[in-house]
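The values are calculated or read from the model by the stated rules, or taken from the named source; none is laboratory data. If you're wondering where the values come from, they're calculated on a predicted model, not measured in any experiment. Virtual Cβ from ideal backbone geometry, glycine too; neighbours counted across all protein chains shown. These accessible areas exclude ligands, DNA and RNA; they are computed on the full protein's heavy atoms, side chains included. Shrake-Rupley method; radii C 1.70, N 1.55, O 1.52, S 1.80 Å.
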Amino acid sequence: MLYIERIKRAGRVTFIGFLPFIVVYYTLGLSPAVLSGIGAVHTYFVTSKGFNRRRVVLRTVKLILGINLAVLLALLTMGGVFPLLTITFLFVGVVTFFSFEEYLGGFMAHRPILLIYLLSLSNKSLASSLTNMAGVSIGIILSVMTPQILWAADPDKIMRGLVEDYLDKILGEVMSYKSKKNTSKVREETRASYQKFLGEFYKSSYGPLLSTSHGRDLFDFALALHNYIECIRRDFNRDKITSEKLLRSETFIKGLKKLKGTSEAYPELENTLEKILVDKKIDLIAPRDSGSSPYHPSSKNYFLWLKRALNPHSARFRYAMKMSIVVTLGVFLAREYSLEKSIWLPTTMLVLTLPYSKDTRRKTINRIAGTLLGILLASIVIPLIETNTLKAVLAISSFFPAFFFLGVNYPVMVMFTTLSTILMTISYLSPEAVYLQRGFYTILAGVIVVVAEYLFLDREHMGIKIRLIAMFKNDLLILRRIDGLHREEKREHIDDLLLKGYLYRELLMRRVKEIDNTQYQRIIRGSGIFMDKLMFLYSEFKNQSLSEIHIEDLRIMEEFLEAYISFIERGEKEKLSLILNKILEDLEWKERSTVEISELLNHFMEGAKE
């Protein structure tokens with residue numbers, strides 16, 4: 001099933017890039033056709049993660065304006081080296097600075113704008129610039145319209161449909177408990193529906209970073225539904241649920257599906273979770289501003305936001321500066337030592353430069369490996385192909401496997417894009433020259449980017465990382481103390497450790513807000529929920545109410561936190577992945593877990609994503 005989805009995605013992306021290329025090629029020529037295809041593919045990735053039509057339209061308009069501005073600015077660089085470097089430095093910095101949250105949301109809004117700018121530096125006249133602008137605009141518009149027409153890709157409807165499907169599955173599960181038929185099968189179908197919703201939520205801008213208020217309401221409603229059905233499952237497994245209660249739950253869920261109006265229409269609600277569900281459903285019905293986002297500052301707070309963002313320790317500011325210097329250096333070297341295809345140097349540096357050191361180093365290594373593999377593959381394939389027509393067909397066809405491996409295996413993806421690039425270049429350069437230049441520029445770009453990463457290493461960032469590790473070690477100590485005291489049946493208080501845990505979070509959050517480090521803010525917010533869970537377990541311990549399920553929670557959290565600390569200290573992801581898979585996939589564990597434990601760690605893990 002997973003491979004089928006990848007094949008569909010690869011086919012769609014290839015088609016989206018190929019369609020405007022053909023249209024523009026036969027109307028405006030080769031150069032604007034290439035830019036049109038590049039703009040179309042990047043636009044698809046940006047807009048396909050839009051929350052609703054309004055946000056998709058806004059992103060599309062921003063891209064058209066940004067890319068057309070990039071083409072015009074590239075024309076102004078013809079006056080000499082000084083205007084070239086000045087415009088490049090300022091334009092790259094500004095675009096990157098104001099697109100930083102887009103990067104964190106999982107897509108690169110600045111990349112297509114800057115890539116088109118670099119590729120437009122070869123324009124020699126206003127006419128060619130206007131032609132390129134028209135070609136790119138056509139590519140963007142076709143990229144947005146094609147999914148809407150062919151695949152009805154309205155993300156708002158998709159997510160609503162997934163929530164409605166989950167609600168239907170919950171109703172079916174309750175009815176299966178009533179009839180005591182196929183309970184295991186129906187339960188797994190319900191869980192699969194919930195996992196599908198989470199997968200779609202986190203891989204798109206429905207995720208917590210860029211989600212709108214309506215998106216967060218959808219997530220809260222789905223999470224409340226999950227908690228509700230988990231309570232029913234737990235009671236069913238313990239034979240503590242009656243047929244009357246199941247009938248009442250069935251009636252409640254059917255009413256929830258048809259709910260319109262206010263909670264006063266449901267005076268028979270008897271537990272808090274049902275009231276929460278009704279309130280969440282009412283929130284979904286109520287009209288909301290679908291474009292709002294906590295990561296886009298209001299005009300009232302704009303200057304405060306800008307002041308924080310311009311701090312030298314701000315991840316946004318440092319990324320913009322790093323990108324400006326690296327790309328400008330690449331443009332200077334390409335201009336000063338103008339060999340064939342020297343533009344590959346700054347474009348590769350643009351792709352490799354990322355906000356965080358780990359990402360940059362990992363991508364650089366993978367990029368070099370993929371490029372060398374692509375050169376090796378090209379040296380084997382090209383001698384076997386005699387006609388230019390076959391070479392062109394293979395060049396275009398190579399994009400399909402490249403998109404198939406996109407997000408799955410970066411070196412393999414780069415291998416196929418390198419093959420395609422070489423096949424399109426050997427029509428006017430010898431294969432040996434292309435191999436040499438492609439490999440040389442990639443390695444040189446990687447070296448420069450890694451050196452720049454070291455020079456821009458944020459010492460403040462390292463200090464926060466040390467304090468963050470100390471905070472998590474304090475959490476781990478709390479877990480071990482509760483576990484140890486419970487085993488020894490002692491009644492000692494650990495209020496000082498709990499107080500230290502809350503103080504750690506308050507002070508760290510204050511500091512990371514000052515330097516505008518969004519990644520650490522995510523981690524600390526997630527750990528706040530973790531801390532509340534620790535407080536709950538300690539409260540149960542003091543009241544002598546720790547059950548076996550609570551003890552299991554405590555130990556799995558302890559195991560998880562040990563792996564998480566190793567991940568932050570040494571970047572060891574293997575153990576962390578094993579723990580997370582155990583929590584999320586082990587069916588026996590799910591049967592014994594408390595309602596919120598898997599969501600708790602899932603939310604906590606959001607901070608680990610770089």
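Points to keep in mind about this one:
- Among the listed pairs LYS178/LYS245; LYS178/LYS533; LYS358/LYS465; LYS62/LYS196; LYS258/LYS281; LYS180/LYS280, a Cα-Cα separation exceeding 21 Å is found for LYS178/LYS533; LYS62/LYS196; LYS180/LYS280.
- Take 33-45, 442-454 and order them by the average number of nearby Cβ atoms within 10 Å per residue, most first; the result is 33-45, 442-454.
- Taking TYR410, TYR356 and ordering them by how much accessible surface each has at a 1.4 Å probe, largest first, produces TYR410, TYR356.
- Spacing of the modelled spin labels on SER539 and TYR356, each 7 Å from Cα toward Cβ, amounts to 3.2 nm.
- Between GLU569 and TYR454, the simple label model (points 7 Å from Cα in the Cβ direction) yields a spacing of 2.6 nm.
- Ranked by solvent-accessible area (1.4 Å probe, protein heavy atoms only, all chains present), the residues LYS62, LYS363, LYS542 order from largest to smallest as LYS62, LYS542, LYS363.
- Average accessible surface for the range 301-445: 46 Å² per residue, computed with a 1.4 Å probe over protein heavy atoms with every protein chain in place.
- The gain in end-to-end length when the ALA470 to LEU377 segment is fully stretched comes to 28.7 nm, 0.36 nm per residue minus the alpha carbon separation.
- Accessible area in the full protein assembly, largest first, 1.4 Å probe, for SER420, SER179: SER179, SER420
- With DNA, RNA and ligands ignored, accessible area of THR364 (1.4 Å probe; Å², nearest 10): 10 Å²
- Efficiency of FRET between VAL94 and LEU429 - r from beta-carbon atoms, R0 41 angstrom, step 0.05: 0.75
- Full-extension gain in nm, THR86 to PHE440, via 0.36 nm per residue minus C-alpha separation: 124.8 nm
- Highest-first arrangement of 221-227, 479-485, where packing means the average Cβ count within 10 Å: 221-227, 479-485
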